[in-house]
1. So if I restrict to the alpha-carbon atoms in region 108-200, what is the Rg, and what is Dmax, the biggest pairwise distance, in Å?
2. For the pair SER24 and VAL329, what calculated FRET efficiency results from E = 1/(1 + (r/R0)^6), where r is the Cβ-Cβ distance and R0 = 45 Å, to the nearest 0.05?
3. If each of ARG63 and LEU88 carries a label point 7 Å out from its Cα toward its Cβ, how far apart are those two points in nm?
4. Where the convex hull is taken over the Cα atoms of region 32-93, what is its projected area averaged over directions, in nm²?
5. For ARG106, ARG301, give me the order by solvent-accessible area with a 1.4 Å probe, most accessible first, ignoring ligands, DNA and RNA.
6. Hey, if we sort TYR172, TYR199, TYR121, TYR263 by accessible area with the 1.4 Å probe, largest down, what's the order?
7. Pop the C-beta distance of TRP208 and LEU180 into the FRET formula with R0 = 30 Å and round what comes out to the nearest 0.05.
8. Along the Cα-to-Cβ line of MET302, 7 Å from the Cα, sits a label point; which residues in region 154-184 have backbone N less than 17 Å from it?
Amino acid sequence: MLFPLPAATPCEYEPRMTPPVEESPPPDVSLAVLSWNSRAYTRRCLASLYRPEDPEVLAAWERAGRPLEEFPREKVTFEVIVVDQESLDGSPEMVAEEFPEAVLVRQKPNLGFAGGNNVAYRHARGRYFLLLNSDTVARPGWLTALLGYADAHPRAGLIGPKLLNPDGTLQYSCRAFPSLGAGLFRHTPLEWLAPRNPYTSSYLMQEWDHAAPRQVDWLSGACLLARREMIDEIGCLDDGYFMYFEDVDWAFRAHRAGWEVHYTPEPILLHEVGRSSDRRPKRMIVMHHQSAYRYFRQHSRMGRSLPGRAVLAAGLAARAALTLLRNEVIKWQGHRAAAPAPQQPRRSPLP
C-alpha cells in the first residue's frame with residue numbers, strides 16, 4: 001500500500017538508562033535534542049545552551065546580523081536529553097566527551113522524530129518538555145523568556161518562539177492547519193505559476209509580521225514547548241508519524257482537548273531547516289506524503305470514508321510525484337548554471 005497507516009504507541013517507551021541513586025531537584029524544563037548523523041550541528045546546538053561564547057555560536061549569530069553582545073544567565077533550570085538514533089559520525093561520543101552535563105540516550109532502532117522525542121520524554125523530569133532540533137542555535141536568556149510566557153498563560157499547552165533563518169530573515173514557524181488548497185500549491189510546480197496564491201499565504205500566515213504574541217493553529221516542532229499537564233491529558237507525539245506532521249497532529253489534539261497553542265516573539269532562535277533530512281531528499285518527500293495521508297485520514301472529513309481515502313491517497317501520490325519532478329528540475333537548473341560555458345572557437349588573427 002502506498003500510504004500505510006501504522007499503529008501508534010505514544011508514551012509507551014521504557015527508559016534505557018539507570019537513574020541516579022540520588023536525583024537532584026527536578027528542573028523547570030527538559031530539552032529533548034535528537035541526533036542522527038548531525039555531529040557538527042548537534043555540537044553547535046548544545047554549545048549554544050551550555051557555552052554561548054563558543055566561536056561557532058558567535059559566528060552563527062554574526063551571519064544572521066544579530067551579534068551576541070550580552071550573555072545573561074538563565075533564571076530557570078533545565079536539563080538536556082540527547083537521544084542519538086544510530087549515528088555513525090561520532091555524534092554520541094562527541095556528546096559524552098564535550099557535554100557530560102547532558103543525559104545521553106543511545107536509541108536503537110531509529111524511531112524517527114516522534115518516537116525519538118517520546119523516548120526523551122520518558123527520561124524528562126521538568127515541569128515543561130521542549131522539543132529542540134539539533135540544527136537550531138539558541139540565544140542567551142531565551143529559556144527564561146519562553147517559560148515566563150508559559151507561566152503567564154496557563155491554558156497554553158504548546159508554545160513556540162520566533163525562529164529565524166541563518167541569514168536572519170523570518171522563518172514562518174507558526175501556521176494555519178493545512179488545507180487541500182495549500183497542498184496543491186505549496187512546494188509543487190503550481191507554486192511557480194502562482195507564487196503569491198492565497199492558499200500558501202494563508203497557510204504560512206504571511207499577512208502577519210510575527211511581531212506580537214498570538215494564538216495559532218500549530219507550531220513547528222523545531223522548537224516547541226509543551227506543558228506536562230497537557231501531555232498527561234492528550235498523550236505524547238503520535239509515533240505513527242516517523243517524520244513530518246507529528247507537530248501538526250499534536251496541536252490538533254491539543255485544540256480538540258481545549259488547550260491553546262501560542263506563538264511568542266520574544267525568545268529568538270536560529271534554525272537551519274532540514275539539515276539531517278536533506279541527505280535523503282527523495283525518501284523524505286515520500287515520507288512527508290505518507291505522514292500527510294495519516295494526518296488527513298485521522299482529522300479530515302475526506303478521511304472518514306473509503307472513497308474519500310482513495311481520493312486522498314491518489315491526490316497525495318500525484319503531489320509526491322510533482323514534488324519529486326520539481327526537485328529534479330531545480331537540480332538540473334543548478335547543474336546547468338554551474339556548468340562552464342562552452343568555449344567559442346578561436347578565430348585566427350590573420351585574414
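The values are calculated or read from the model by the stated rules, or taken from the named source; none is laboratory data. From a predicted model like this one, the values you see are computed outputs, not experimental measurements. FYI the Cβ positions are ideal-geometry reconstructions off the backbone, even for glycines, and counts take in every protein chain you see. Note: accessible area is taken over every heavy atom of the protein model, side chains too, but ligands, DNA and RNA are not part of it. Shrake-Rupley method; radii C 1.70, N 1.55, O 1.52, S 1.80 Å.
1. 17.4, 50
2. For VAL329 and SER24, the calculated efficiency is 0.25.
3. Here the answer is 2.6 nm between the modelled labels.
4. 4.9
5. ARG301, ARG106
6. The ordering from most to least exposed comes out as TYR199, TYR172, TYR121, TYR263.
7. Efficiency computed from Cβ-Cβ geometry: 0.85.
8. 177-184
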